[in-house]
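Working notes, structure below.
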Amino acid sequence: MKIGIVCYASVGGSGVVATELAYALAQRGHEVHVLSAERPFRWRTGVPGLTFEPVATPAYPLFHEPQYLLALATAIVRVSREHRLDIVHAHYAVPHATAAYLARQMLAGGAKGHAPRTVTTLHGTDITLVGSDPSYTRVVAFSIEQSHGVTAVSESLKRDTASALGVRSPIRVVPNFLNCADWGRTPDPDTRAWLTRGRDEPVVVHVSNFRPVKRVGAVLDVFRRMRRRVPCSLVFIGDGPDRPMLEQRVAEEGLGDSVRFVGERRDLARWLSSTDLFLLPSAQESFGLAALEAMACGVAVVASDVGGLPEVIEDGVTGFVCPPEATDMMAERGIELLTDEPRRARMVEGAAARISERYCANRVVPQYEAYYVDVLAARPEGDGPG
């Protein structure tokens, strides 16, 4: 198949999963074109069948936001005409599904009458944040309903989409995934020694884009409670708007000798493999890709009991989930895992088995392929390539 994938280039889950899907599809023999404003964070060069298609957004003072939507729709039209795409797969509803719909209307009216089918994957904040804003609700719902196929990364997000937007289109759940060959525990003694400043103590980690929904302040609260009873270090991986506030708190509370900030990291598996416990006290997570990555690297997880996280983490078996405001409970669970090595080892082993069964690329990517086939098979007569 010839597939166009539209995504954000940032380190957020939607861009990461879209890029990994593009890579996996190209490896499986498909022709894949990735459209984005810049090369995605985890882009891989030199992959046969995989092409990056930049979306050039002109700066024009009359407009503020619409220019990316219009430029993206134009880029989809160009790539579709040049390569006769079968599928345009939009990751994130707005503006990507909106641009795909606009492009399809432009293509359908062309002389050749070729318009690819569109699939939209919902990742979370496009529904829980953008979609819930009254200024965007109808356009988000419309863009989803105009797609030929819709997937969501969790059962929780599927329910949220129906309840928040009243979307009646059938939604297929296809979970996020990992290229499991790239993930596994590969300890690096030098990295661990740097994180602990040479001390023999466990390492707690948090990875995110430091937005308010991630509650990075709660990570620090949990860590402080744990540290009163168990000597440990903390590393924050990532960047975002709440980082300055967090760094200020660390300084004011005298935790600078126990907390490291390392920014965004492409070699995330190496850093995770040097830690023992992952904290994710988010207010909302439609899936929780960061938790999955930590589990794959042999890191025990304590997370919020919200959204799709309980689908990923089986409480008490492959990790712990707690109410998001229950920072005392999260600290207790963390202490249990850091002081009970056999239990932590059992959870890590259970998490690895669960990932192998459900979340490796060889399990999930064929689900997308099968869905593409279903969407193409449902093409009305006269709606398609000439």
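Does the range 300-318 hold any residues that are out of contact with any helix residue (DSSP H, G or I) (no Cβ under 6 Å at 6 or more places or on another chain) and in a strand (DSSP E or B), and which are they?
SER304, ASP315, listed by residue number.
If you go through the range 283-297 one residue at a time, do you hit one that is under 17 Å from ARG215 (Cα atoms), surrounded by fewer than 24 Cβ atoms within 10 Å (Cβ to Cβ) and under 14 Å from the mean Cα position of the chain (by Cα)?
Yes - at least one qualifying residue is present in the range 283-297.
Does any residue in the range 93-106 that is assigned by TED's automatic domain parsing to the domain that holds ALA75 come within less than 8 Å, Cβ to Cβ, of a residue that is charged (D, E, K, R) six or more places away or on a different chain, and which pairs are these?
Going by the 8 Å Cβ cut-off, the qualifying pairs are ALA93/ASP126; VAL94/ASP126.
Cβ-Cβ below 8 Å, separation at least six or inter-chain, first residue in the range 264-287 and without any contact (Cβ under 8 Å) to a residue 12 or more places away in the chain and over 22 Å from ASP221 (Cα atoms), second buried (at least 24 other Cβ atoms within 10 Å of the Cβ) and among the hydroxyl-bearing types (Ser, Thr, Tyr): which pairs?
none
In the range 218-238, which residue that is more than 17 Å from LEU337 (Cα to Cα) and free of Cβ contacts under 8 Å to residues at least 40 places away in the same chain is surrounded by the most Cβ atoms within 10 Å (Cβ to Cβ)?
That would be PHE236.
Considering only residues of the range 166-183 that are farther than 10 Å from CYS360 by Cα and not in a loop (DSSP other than H, G, I, E, B), which is modelled with the lowest pLDDT?
Checked the range 166-183; the qualifying residue modelled with the lowest pLDDT is ASP182.
How many residues, within the range 267-308, are over 18 Å from CYS180 (Cβ atoms) and among the β-branched types (Val, Ile, Thr)?
3
For the range 320-340, what are the residues that are without any contact (Cβ under 8 Å) to a residue 60 or more places away in the chain and touching a helix residue (DSSP H, G or I) at 6+ places or on another chain (Cβ under 6 Å)?
Passing the criteria: PHE320, VAL321, CYS322.
Being surrounded by 16 or more Cβ atoms within 10 Å (Cβ to Cβ) and within 24 Å of TYR371 (Cβ to Cβ) is the filter here; which residues of the range 74-87 pass it?
ALA75, ILE76, VAL77, VAL79, SER80, HIS83, LEU85, ASP86, ILE87
Starting from the range 20-48, keep only residues that are over 19 Å from ARG84 (Cα atoms) and hydroxyl-bearing (Ser, Thr, Tyr), then list their pairs with residues that are modelled with pLDDT under 95 and in a loop (DSSP other than H, G, I, E, B) whose Cβ atoms are within a distance under 8 Å, requiring at least 6 positions of separation or different chains.
Note: pairs meeting the criteria are TYR23/ARG44; TYR23/VAL47; TYR23/ASN179.
Being part of a helix (DSSP H, G or I) and either surrounded by fewer than 22 Cβ atoms within 10 Å (Cβ to Cβ) or at pLDDT below 95 (or both) is the requirement here; does ASP133 meet it?
no
Scan the range 266-282 for residues that are surrounded by fewer than 16 Cβ atoms within 10 Å (Cβ to Cβ) and either at positive phi or part of a loop (DSSP other than H, G, I, E, B) (or both) and jot them down.
ARG266, ASP267
When you scan the range 58-73, do you find a residue that is under 24 Å from TYR372 (Cβ atoms) and at pLDDT 90 or above, even just one?
Yes - at least one qualifying residue is present in the range 58-73.
Take the range 326-341 and flag every residue that is under 18 Å from LYS214 (Cβ atoms) and either surrounded by 24 or more Cβ atoms within 10 Å (Cβ to Cβ) or at pLDDT below 95 (or both).
MET330, GLY334
Going through SER154, SER169, SER163, SER143 one at a time, which residue ends up being out of contact with any Cys (no Cβ under 6 Å at 6 or more places or on another chain), surrounded by 21 or more Cβ atoms within 10 Å (Cβ to Cβ) and farther than 16 Å from TYR359 by Cβ?
Residue meeting the stated conditions: SER143.
Only one of PHE223, PHE236, PHE261 is under 21 Å from VAL16 (Cα atoms), modelled with pLDDT of 95 or more and hydrophobic (A, V, I, L, M, F, W, C). Can you tell me which?
Checking each option against the conditions leaves just PHE236.
The conditions are (1) at pLDDT 95 or above; (2) in a loop (DSSP other than H, G, I, E, B), and ALA294 fails exactly one of them. Which is it?
With (1) at pLDDT 95 or above; (2) in a loop (DSSP other than H, G, I, E, B) applied to ALA294, the lone miss is (2).
For the range 170-197, how many residues meet the condition of being among the β-branched types (Val, Ile, Thr) and under 24 Å from the mean Cα position of the chain (by Cα)?
Of the residues in that region, 4 qualify.
Among what's in the range 222-257 and is in a loop (DSSP other than H, G, I, E, B) and among the hydrophobic types (A, V, I, L, M, F, W, C), pick the residue that is farthest from PHE320 (Cα to Cα).
It comes out as LEU255.
The values are calculated or read from the model by the stated rules, or taken from the named source; none is laboratory data. These numbers were taken from a predicted model, which means no experiment stands behind them. As a convention, Cβ positions derive from the backbone with ideal geometry for all residues, glycine included, and neighbour counts pool all protein chains shown.
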